[in-house]
Amino acid sequence: MLLTPEEIKVVKDFLAPAVKNGLLDGRRLNELLKLAASGGESRPEVPEKLYTVKEAAELLGCHPKSIFRYIREGWLGVIKISARSTRIPRTALELFISVK
C-alpha cells in the first residue's frame, strides 16, 4: 500500500500522542511510514566498512602488533571472519580514537 505524503502526515499526527505517552516507539513508526511511502520496497542498509588489522594500523599510525594488543586488552572491538581473519568495524575504530 502506497501512502501519499499527506496521508503519512495524517497518520503521524494521529499517532503522535501514542508516541508521546510511550505507547508506540517513534523510530519504529518512522520506519513503518517510510516503508508505506515506498510502496513496501525497503532499501538495503549499507554495510559498515570493515578494516584489516594492517589497514587499522596504518590509519592509527602504529604497528599491527599494537592493534592485536588493543584487541586482546579489550580496547578495540573486532569481527572474527575465520580463525585467521579479523576485521575491525569503522565504528570500533572511531570509538577507540575518541577514547584514547
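No value in this document is a laboratory result; all are computed from the given coordinates. Computed from a predicted model, the values in this text were never measured in an experiment. Here Cβ is always computed from backbone atoms with ideal geometry, including for glycine, and neighbour counts include all displayed protein chains.
A few comments on the model shown:
- Backbone phi angles across the range 79-85, fed through the Karplus curve with coefficients 6.51, -1.76 and 1.60 (θ = phi - 60°), yield HN-Hα couplings of 10, 8, 7, 7, 4, 10, 10 Hz in residue order; Gly and Pro are listed as x.
- Translational diffusion of the range 50-99 was estimated from the Stokes-Einstein equation, with Rh taken as the Kirkwood radius over Cα pairs; at 37 °C and 0.692 mPa s the coefficient is 310 µm²/s.
- Computed on the range 50-99, with alpha-carbon pairs under 8 angstrom and 6+ residues apart, the relative contact order is 38 percent.
- Lysines with Cα under 29 Å of residue 12, excluding same-chain neighbours fewer than 8 positions away: 20, 34
- Most mobile listed residue (53, 78, 11) in the chain, GNM with C-alpha springs under 10 Å: 11
- By the rule of a C-alpha distance below 25 Å, with chain neighbours fewer than 8 residues away ignored, the lysines paired with residue 80 are 49, 54, 65, 100.
- Principal axis dimensions, the chain - Cα atoms, whole angstrom, descending: 57, 29, 24
- Ignoring the sites themselves, the chain has its longest run without GluC sites (Glu not before Pro) in a DSSP loop having at most 14 other Cβ atoms within 10 Å at 1-40.
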